[in-house]
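Worksheet for the structure shown next.
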Amino acid sequence: MRADPRTRATLRWGGAIAALLVVQSLVTAAIVWALVNASHAHAIDQALAGDCRFFAKTPAAERREEVREMLTRDIHRERFLGLFDASGRLIDGNVARLPDLPPGRARIVTTAVAPTELPGKTSDVARLSVCPLPGGERLLTGFDLDNAEEALHLAGRAMLLGLLPALVLALGFGLVAGRRAARQVDTVRALTARIVAGGLHERLPVERRPDSFGLLAEHINAMLDRLQVLVADVRGVGDDIAHQLRTPLTRLRARVERGMREARAPADFQTVAEAALTEIDQLLGIVAALLRIRELEDHARRSRFAPVDLARVAADACDLYRPTAEDRGIDLVCRIDTAAPIEGDASLLIEALSNLLDNAIKFGPAGGRVTLTVERSAAAITVSVADEGAGIPAAERDLVTQRFYRGRHDCQGAGLGLSLVKAIADMHGLSLRFAEQGSAVLLVMPLRRD
């Protein structure tokens with residue numbers, strides 16, 4: 001019978017934390033063991049070197065007495081000390097023979113070293129040093145390491161035994177942490193199930209001081225906030241599309257039906273068909289504009305951004321709309337005195353400026369003036385399009401960028417122009433603003449200060 005996912009996750013957490021603690025403890029024990037060994041060996045080497053210096057300064061006649069005195073003070077019987085003549089014969093000490101060691105440097109030997117005073121005792125491991133003395137004599141000095149090895153083994157066993165309660169605590173902590181993580185996962189699973197069922201208002205709980213899982217919950221909540229806004233926009237756009245298309249479709253159907261009923265000659269049918277094509281073109285224009293806005297809001301074209309001079313784009317837009325302005329008796333003035341380099345898509349930027357110029361020329365008073373200005377300061381690049389009309393009322397400034405919004409229902413168009421301008425501006429990091437006084441529309445790009 002397999003355990004459920006929550007139990008498996010809990011056990012994995014507990015086992016992982018316990019294993020981590022064991023590895024950490026073993027590494028710590030190994031480091032402590034190595035440091036203690038190194039420290040003990042260094043202390044012995046210092047003592048052996050001190051013996052060699054002491055006996056080198058001691059007169060030959062007094063060396064035998066010093067050996068005996070040092071062995072007398074060795075109450076723990078852990079010292080090896082032997083004074084040998086030039087031929088290797090023992091003069092005095094507790095070592096029966098001189099081991100085959102190079103002089104001067106302390107060495108650890110694993111051969112049996114038998115003290116003469118304790119016939120039954122044999123040291124398997126000892127740290128010894130042989131040093132030459134003035135007059136040809138040699139001194140063997142060393143320490144029995146059996147006791148030290150035993151002490152280190154006892155310390156190691158103690159550390160291993162100390163792992164048991166720590167292991168139990170780590171396992172318990174891991175189980176608690178695993179259960180907590182499993183509960184958090186269950187919360188996310190339940191939330192996603194409610195979201196799939198349509199509850200986009202649901203959010204994950206976030207603690208006052210969130211841990212890593214809490215930070216993840218904050219990001220998920222932010223994603224859900226954005227998703228809820230997008231879904232609401234889609235629903236709103238769907239309603240707007242249905243509303244906006246219903247009227248022209250109804251008008252188209254009525255016109256075709258009336259034409260079929262009243263038409264008598266081929267010319268009548270031609271008139272009906274032309275009127276129907278006009279209505280269809282308007283519908284296709286609405287659909288194309290919506291698809292265009294959707295493409296821009298997806299920011300898919302940012303990958304094609306390149307350095308572009310916004311002033312050059314503005315000049316091209318002026319040249320493009322100058323004939324249209326002249327046809328309406330509008331004086332189109334372009335004030336472009338400085339370069340305005342940015343990263344962007346020139347075709348999209350000219351499309352945005354064309355929409356603004358088209359609105360200004362269309363809704364401005366005949367015989368008036370439309371002014372396109374490009375300015376650059378230390379803080380921002382600003383492009384403004386101003387006409388001499390009444391401007392957009394303050395109450396409608398937040399509405400005019402919404403899809404299908406029209407301040408006057410008797411004007412042409414589907415109310416998508418400023419929505420398209422805003423989508424292009426957002427993609428380029430431009431801020432779409434409306435002047436507090438007058439009828440100017442501004443595109444502002446803040447400049448970073450290095």
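Results, tabulated for the structure shown:
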| quantity | calculated |
| --- | --- |
| Pairwise FRET efficiency - residue 100 versus residue 39, Cβ, R0 = 35 Å, nearest 0.05 | 0.80 |
| Residue-count net charge about residue 330 - beta-carbon cut-off 11 Å; Lys, Arg +1, Asp, Glu -1 | -1 |
| Least to most buried among 383, 231, 441 (fewest other Cβ within 10 Å first) | 231, 441, 383 |
| Nearest-0.05 FRET efficiency for residue 164 and residue 64, computed from C-beta distance (R0 56 Å) | 0.55 |
| For segment 191-207 versus segment 320-357, the gap between their alpha-carbon centres in whole angstrom | 47 Å |
| Sequence-distant residues sharing a close amide H with residue 439 (under 5 Å, placed H) | 387 |
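Throughout, read-outs are computed from the coordinates displayed, never taken from laboratory work. Here the structure is a predicted model, which is why all the values come from computation and not from measurement. Please note: Cβ atoms are built from the backbone with ideal geometry, for glycine as well, and neighbour counts cover all protein chains shown.
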